[in-house]
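Just below is one structure, and these are the notes that go with it.
The values are calculated or read from the model by the stated rules, or taken from the named source; none is laboratory data. Computed from a prediction, not measured in an experiment: that's the story for all the values here. Cβ atoms come from the backbone with ideal geometry, glycine included; neighbour counts cover every protein chain shown.
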Amino acid sequence: MEELIIQAVAKGIASIYGAEVDVNTIQPQKTRKEFDGDLTVVVFPFTKIAKKSPEQTAEDLGKYLVDNVPQITNFNVVKGFLNLSIAPEYWLGELNTIAQNKTFGQAAPSGKTYMVEYASPNTNKPLHLGHLRNIFLGFSVAEILKANGHEVFKTQIINDRGIHICKSMLAWQKFGNGETPQSSGLKGDHLVGKYYVEFDKAYKEQKTEKAKKVIELKKSCDDKKSFVNNELLKDLQIPPHEREDLWNILEESLSIDKIKNHGSGFNFFIPIMLEAQEMLLKWENGDKEVVDLWKKMNAWVYEGFDVTYQTMGVDFDEIYYESDTYILGKDVVEKGLAEGHFYKKEDGSIWCDLSAEKMDDKLLLRADGTSVYMTQDIGTAIERYKNHPNLNGIIYTVGNEQNHHFKVLFTILKKLEYKWAEECHHLSYGMIELPDGKMKSREGTVVDADDLMAEIVNDAKLMTQERGHLDGLSNAEKDELYAQIGLGGLKYYLLKVDAKKGMVFNPEESIDLNGNTAPFIQYAHARIQSLLRKANELNYSTSYTDAELNEEEITLVKLLKDFPIVIKEAGENISPATLSNYIYELVKTFNHFYQNVPILREEDKNKLAMRLVLSQSVANVIASGMKLLGISVPNKM
């Protein structure tokens, strides 16, 4: 229809005013809701040709279109906007096309290949609420890109090395007494996370004891000199340059908290922290005992993660490990230095000059030759490109605290002349908070992903049982329904908000049957399936020769017709929220139609059949759209 109008407007201008017009200036768009009409043509570009006011130009053009285009039945003019009404027969044809298209909304193959990175957890703790937003976003984006015709590889990089891993390992050695997932009944990731918390407790206790000793020393010293030179401070590994500051602070207050928060002496020179650092050095040097422990505890975590991912309903095509990739970028940096992309300082460290981009220069290799996170990410990106030579870009699903990091990463990849870097994108998302504030994993105050999912599924179970409507379902079918409602509610709640925005998560709201929620949408799908079952039981036909659509039905067909456009927009903007809110609008519109237009009670068999086909088409789009969000819809609810 849009193309037809473009051609008709061009002919109309030629016929009325005897002049040709650039068809690129004719851009039909959906008529705004507050005005009558289906499509609108902006006539301002034609007023010079017409030598008339915008209103008169629109009047001339509107009359021509009604007289010469059978599909256009009426028009109205609002200033320089020509609003056109399309014949109901056209929308019926659109419904037929939609109903017969088994892959409606899916684009043809684009020839492009993308990689979407999400999850990327640490192996020292289980997944938590923050990971859920990350994972659901990344998975949905991957599915939306597939629907846009792209080939997509889902990936994650597991942060399986570093001091945080050693903290859990050391705490398990010290306090675990050989505990395993089997002996404890805990999932492997939960068990390892338990010892990450145990490390933090021990660290804080040792830090407090250290502070107490310093305070007692202060009480026993008559002057600053005797305090600063006391052997105890040396034994406690307080650096000489911090000792006078400590004396001055203690002169003001003998507060343990003030002392604990002062300087590196109290942050790093704690016995258990020193042991963790020593363990990290052993790991990097390939110490067999440490490496074997690392492999064992990481295996526990991977088994736990797999169970969580299965519950979430997400998957991955490839997995990268930081323990494999953390040195990948070193050769790239050295090559970049030789080619003049980077520079070396006198101390031997290698940097990237980012002054042209108005950013601080970035360290890529330390003076001792060791890599930094940026080095690793450069190497990993290039390694992925080597594994997939046709890769057009990588989408990194990472929280907004890393915005600057990815801006620098993409800039450096462009400097290295990787063309695909132009299409790399950081899917930045805001943090999730609970009504009572932020989460801290090292203190054990996070909302565990497994616990949260189990709690929401149980809440969905209680809600569903209270409402009834479970007759005829087996226990297995009931359990599947509870999971569909609970997990669907959780996913949709996290996806419907623009990813860039932070949000407060409220579990109760996520499974509410009213409002912009997954259960509201799922219920509409189940309602349509119930309607279609009844129609089938009554042997009602879904074949019709002709049926005039009313305004309610036309509005629904218009929305259905937008589905491929919305998928395209969601892909271009990398925004599941765009799709989420479209589905919600479709369901609201269908509910209004369902309440105001008779379907099974309709006496006109053509209209009845058409309304069944319309309802089925709505259900198909709901199911297809929700699937792209990673959400399944029940047939009974």
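When we screen V77, V43, V69 for residues that are surrounded by 15 or more Cβ atoms within 10 Å (Cβ to Cβ), without any contact (Cβ under 8 Å) to a residue 24 or more places away in the chain and aliphatic (A, V, I, L, M), the only hit is V77. Residues that are part of a helix (DSSP H, G or I) and without any contact (Cβ under 8 Å) to a residue 60 or more places away in the chain within segment 576-610 comprise T578, Y582, E585, L586, K588, T589, H592, F593, Q595, N596, listed in sequence order.
Checked against the criterion of being over 30 Å from M463 (Cα atoms) and either hydrophobic (A, V, I, L, M, F, W, C) or crowded, with 17+ Cβ neighbours inside 10 Å (or both), the candidates G630, G571 yield just one match: G571. When residues in segment 500-530 are screened for being surrounded by fewer than 17 Cβ atoms within 10 Å (Cβ to Cβ), of a type in the set (S, T, N, Q), in contact (Cβ under 8 Å) with a residue 12 or more places away in the chain and closer than 21 Å to F590 by Cβ, 1 of them pass. Could you say whether any residue in segment 34-45 is in contact with a Ser or Thr (Cβ under 7 Å, 6 or more places away or on another chain) and assigned to a helix (DSSP H, G or I)? Checked against the condition, which is being in contact with a Ser or Thr (Cβ under 7 Å, 6 or more places away or on another chain) and assigned to a helix (DSSP H, G or I), segment 34-45 yields at least one hit.
Just one of the listed residues (N83, N96) is assigned to a strand (DSSP E or B) and within 30 Å of K607 (Cα to Cα), namely N83. None of E551, E537 is among the acidic types (D, E), farther than 23 Å from Y582 by Cα, loosely packed, with under 14 Cβ neighbours inside 10 Å and out of contact with any Gly (no Cβ under 7 Å at 6 or more places or on another chain) except E537.
What number of residues within segment 156-197 are small (G, A, S), in a helix (DSSP H, G or I) and either buried (at least 18 other Cβ atoms within 10 Å of the Cβ) or in contact with a helix residue (DSSP H, G or I) (Cβ under 7 Å, 6 or more places away or on another chain) (or both)? Step through it out loud before you land on a result.
Initial filter on segment 156-197 (small (G, A, S)): 162, 168, 171, 176, 178, 183-185, 188, 193.
Imposing the further condition that a residue be in a helix (DSSP H, G or I) reduces the set to 168, 171, 183-184, 188, 193.
Checking the rest, the ones that are also either buried (at least 18 other Cβ atoms within 10 Å of the Cβ) or in contact with a helix residue (DSSP H, G or I) (Cβ under 7 Å, 6 or more places away or on another chain) (or both) come to 168, 171, 184, 188, 193.
Number satisfying all stated conditions: 5.
Of the numbered criteria (1) assigned to a loop (DSSP other than H, G, I, E, B); (2) more than 30 Å from G393 (Cβ to Cβ), the one T103 fails is (2). Taking (1) closer than 22 Å to G93 by Cβ; (2) in contact with a helix residue (DSSP H, G or I) (Cβ under 8 Å, 6 or more places away or on another chain); (3) surrounded by 18 or more Cβ atoms within 10 Å (Cβ to Cβ) in turn, E602 satisfies each apart from (3).
Please indicate, with yes or no, whether at least one residue in segment 22-29 is touching a residue at least 24 places away in the same chain (Cβ under 8 Å), more than 23 Å from V557 (Cβ to Cβ) and part of a loop (DSSP other than H, G, I, E, B). It would help to see each step written out before you state the result.
Filtering segment 22-29 for residues touching a residue at least 24 places away in the same chain (Cβ under 8 Å) gives 28.
Next, from what is left, pick out any that are more than 23 Å from V557 (Cβ to Cβ): none.
No; the residues of segment 22-29 include none that is touching a residue at least 24 places away in the same chain (Cβ under 8 Å), more than 23 Å from V557 (Cβ to Cβ) and part of a loop (DSSP other than H, G, I, E, B).
For segment 296-405, which strands (runs of 3 or more DSSP E) that fit wholly inside it have 3 or more residues that are modelled with pLDDT under 95? Result: 391-399. Taken as a whole, segment 481-496 holds no residue that is surrounded by 13 or more Cβ atoms within 10 Å (Cβ to Cβ), small (G, A, S) and touching a Phe, Trp or Tyr at 6+ places or on another chain (Cβ under 8 Å).
Only one of the numbered conditions (1) surrounded by 15 or more Cβ atoms within 10 Å (Cβ to Cβ); (2) touching a residue at least 40 places away in the same chain (Cβ under 8 Å) is not met by E318, and that is (1).
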